[in-house]
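Following: one structure in structure tokens, then a few remarks.
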There are 2 protein chains.
Amino acid sequence: MRLTHEQFRELAAKHGLAVTHQRQVVYEAVIASHGHHSPESIYAAVRRRIPSVSLATVYNNLRLFIECGLLREVTPHASTLRVDGNLEPHHHLVCSRCKSVQDIEGDLIDLKRLSRQLPAGFDLTQPLIEVFGLCRSCRAKQ
Amino acid sequence: MRLTHEQFRELAAKHGLAVTHQRQVVYEAVIASHGHHSPESIYAAVRRRIPSVSLATVYNNLRLFIECGLLREVTPHASTLRVDGNLEPHHHLVCSRCKSVQDIEGDLIDLKRLSRQLPAGFDLTQPLIEVFGLCRSCRAKQ
DNA sequence: TTATTGAACGAGAATCATTATAAACGATTG
DNA sequence: CAATCGTTTATAATGATTCTCGTTCAATAA
């Protein structure tokens, strides 16, 4: 805990973020709970240390941390359902900023190597792969 | 259009779906508009042919088509935000059914080959890759 | 240390996408 | 023709997320 404490102060300084108690605790809650967590579950953890915290504060700080690169977003798609009628094997190139999706053809992946690394029982029925980055126009805007 | 007409009747027969006018038109709207579309935009397209259609019908049928495999879902994550404090390079294995995410290590991808296929201007700042399939427990339930 | 100021916080309202419910409809079968 | 079953419609409900606004706090300089 001491470590993330220091770590957060450094990161905050580097990104010009004010170090508030709430931010510190939100950050520590994410780091302490390994895995991929929802705002609600982080809120629950933070509440144990700051009972008066508000859910909006958790959301605000998670967004802020993601934007600064202190955290990664594990759900980088558009927030509404998208469908694709193309059932041919192809992969997706997703822009982390504007959420646009482009198709790419070709075998990008070494399937043999991948299957060796898969955890037992995971079934790659239709190996759709998505690669994330910045699209041309978002990169230009930066 | 004639083609998707036939195509849909065949697909519907194969999956035991009733062929209703609304379904036909929803399916055709998705296929006709190449790309990755939201329920709202499909609704708009369908309305031009069936002004009385309801948005719920569009949602119902998109879900149905996805479950049957007539369409692919382009937003296969949990519907709530997830964050990850692990900034080390790693990739994700996502279960298309329960939306769980596991980490995998290793260079899965041939970056040289990938960069050759990238459209101009796309920036792979942090090449996070996600591979979709069925996790062990969802496969067991099938 | 204290005063100042802009940023951050908390509470709750508002918004938006999606799903559930119930009534009406339509096709099919007896 | 009546009964039935799945589909559609309209609308209500839900759930996640963002916004608003009054209050409080952290950073900075005196």
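Just so you know, all these numbers are worked out from the coordinates, no wet-lab data involved. None of the values given here were measured: they were computed from a predicted structure. All Cβ positions, even for glycine, are placed from backbone atoms using ideal geometry, and neighbour counts span all protein chains on display.
Here are a few things to note about the model shown:
- The other copies place their B:Leu3 label points at 5.8 nm from this one, listed shortest first, where each point is 7 Å from Cα along Cα→Cβ.
- With label points defined 7 Å past Cα in the direction of Cβ, position B:Glu88 shows copy-to-copy spacings of 4.0 nm, given to one decimal and shortest first.
- If you wrap chain A in the convex hull of its Cα atoms and look at it from every side, the mean projected area works out to 11.8 nm².
- Counting only other chain Cβ atoms within 10 Å of each residue's Cβ, the peptide A:53-66 averages 1.
- The chain A residue nearest the rotation axis shared with chain B, using its Cβ and rounding the distance to whole Å, is A:Glu130, 2.
- Between identical copies, the spacing of A:Gln126 label points, each set 7 Å from Cα toward the C-beta atom, reads 2.9 nm from nearest to farthest.
- Compared with the direct C-alpha span, the chain from B:Ser137 to B:Glu88 gains 14.9 nm at full extension, assuming 0.36 nm per residue.
- Projection of the Cα convex hull of region A:2-68, averaged over all directions and equal to a quarter of that hull's surface, yields 4.2 nm².
- Value of Rg/Rh across region B:91-141 [Cα atoms, Kirkwood radius]: 1.10
- Lysines whose Cα lies under 23 Å from that of A:Lys112, excluding same-chain neighbours fewer than 8 positions away: B:Lys112
- Protection proxy ranking of A:42-53, A:82-93, by the mean of other Cβ atoms within 10 Å over each peptide's residues and highest first, is A:82-93, A:42-53.
- Peptide A:116-123 is shielded by partner chain Cβ atoms: per residue, an average of 6 of them sit within 10 Å of its Cβ.
- Cross-link pairs beyond the 25 Å C-alpha cut-off, checked among A:Lys141/B:Lys99; A:Lys99/B:Lys99; A:Lys99/A:Lys141; A:Lys14/B:Lys99: A:Lys141/B:Lys99; A:Lys14/B:Lys99
- Taking a sphere under 14 Å around the Cβ of B:Leu64 and counting the other residues whose Cβ falls inside, with K and R at +1 and D and E at -1, yields a net charge of +2.
- Here the convex hull built on the C-alpha positions of the protein assembly as shown has a volume of 173 cubic angstrom per residue.
- Between region A:54-113 and region B:43-102, the C-alpha centres lie 12 angstrom from each other.
- Among the residues of B:37-49, the average count of other protein chain beta-carbon atoms within 10 Å of the residue beta-carbon is 2.
- Extension gain, B:Asp123 back to B:His34 (0.36 nm per residue minus Cα-Cα distance, nm): 29.6 nm
- Among A:Ala120, A:Ala29, A:Ala13: highest mean-square fluctuation, GNM of chain A, C-alpha pairs under 10 Å: A:Ala120
- Sparse-neighbour loop sites [GluC sites (Glu not before Pro); region A:34-142; at most 10 other C-beta within 10 Å; DSSP]: A:Glu105
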